[in-house]
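Beneath this line is the structure, given in structure tokens, with notes to follow.
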Amino acid sequence: MSKYLAYISTPGGSIKRSSLEVLSHVAQIAKRDGAECVAVVANSAGETIANDLARYGAAHVLVANDPIYDSIASEPLTDLLANIVQSDSPTFMAFASTEGVKDFLGALAIKSGASAIPDVSSFDVDGGKITALRPVMAAKTLARTVAAAGPVLVSVRSGSYDVVESPAQSMVKTVSFSSTPTDRKTIREVVTATAGTVDLSEASVVVSAGRGVRD
């Protein structure tokens, strides 16, 4: 059975809405194609997070619950995901196009020997190939991209799909992988947003008004 993987971003131990959008789409096309929808979680609270993913169609959840994956450093996560891609041989692995994913997607493609299609607005499986639409030229037009060689890594822009609940019987499996210690980059400080601001990429509805509205 083919495997379709969805990586779940969990900053601060909470699931990003954009990851649920991706998981919902992966679950829908997996059901259509008779494939297995597998969610991947790397977080010290992974087992608790995994319980929520069955609501969105994850038939299996791979959980790496080592606290090392809670850090901002991308190297341990890249090593883990490369190991999963190589061992599970999925048709594709889909990601929400977060800043964190943008940081490691290229390195993951090289380390796992995969193709990569970043920052797409839609994607599908067609005859064993991954087809995607990518906004280009400052989103003035869309480029149709096809990846014929698998596995394929594809990152999806926030808001491209709806979050759809499709409850499934989910099996949770704990995975462990020890990456080789190296002189890793160290994040010295993380500057968070001002209290009270809203991440528009996580909002279900965004309302804007022109200057004529005034006060």
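Work out how far the C-alpha atoms of segment 1-102 reach from end to end along every principal axis, then list the three figures in whole Å, largest first.
That works out to 36, 27, 23 Å along the principal axes.
Given Gly34, Val191, Pro167, which one lies farthest toward the positive end of the charge dipole of the chain, if we put +1 on the Cβ of every Lys and Arg and -1 on the Cβ of every Asp and Glu?
Gly34
Given Cβ point charges of +1 (Lys, Arg) and -1 (Asp, Glu) and nothing else, what value in debye, to the nearest 20, does the dipole of the chain about its Cα centre take?
I would put it at about 560 debye.
Quick one: with all protein chains in place, what share of the accessible area of the chain is carbon or sulfur, to the nearest percent (1.4 Å probe)?
Carbon with sulfur: 50 percent of the solvent-accessible area.
So, taking all protein chains as they sit and a 1.4 Å probe, how much accessible area belongs to Glu99, in Å² rounded to tens?
We get 140 Å² for Glu99.
Could you state the accessible area per residue of the chain in Å², with a 1.4 Å probe and every protein chain left in place?
Accessible area per residue, the chain: 56 Å².
Find me the longest stretch of the chain that has none of the exposed trypsin sites (Lys or Arg not before Pro), where exposed means in a DSSP loop (not H, G, I, E or B) with at most 13 other Cβ atoms within 10 Å.
Within the chain, the longest run free of exposed trypsin sites (Lys or Arg not before Pro) spans 1-139.
If you take the charge dipole of the chain about its Cα centre, with +1 on Lys and Arg Cβ and -1 on Asp and Glu Cβ, which of Asn83, Leu142, Val61 is farthest toward its positive end?
Leu142
Largest first, what is the accessible-area ranking of Tyr7, Tyr161 with a 1.4 Å probe?
Accessible-area ranking of Tyr7, Tyr161, largest first: Tyr161, Tyr7.
Relative contact order for segment 1-125 using alpha-carbon pairs under 8 Å, separation at least 6, rounded to a whole percent?
Once normalised by length, the contact order is 28 percent.
By the gyration tensor of its Cα atoms, with a ≥ b ≥ c the square roots of the eigenvalues, what is the shape of the chain: rounded for a/c under 1.5, prolate for a/b over b/c, or oblate?
Rounded.
Of the listed pairs Lys3/Lys129; Lys111/Lys140; Lys16/Lys173, which have alpha-carbon separations greater than 23 Å here?
Lys111/Lys140
The values are calculated or read from the model by the stated rules, or taken from the named source; none is laboratory data. All of these numbers come straight from a predicted model, not from anything done at the bench. Note that each Cβ is placed from the backbone with ideal geometry, even for glycine, and that neighbours are counted across all protein chains shown. Calculation scope for accessible area: heavy atoms of the full protein, side chains included, ligands and nucleic acids excluded. Shrake-Rupley method; radii C 1.70, N 1.55, O 1.52, S 1.80 Å.
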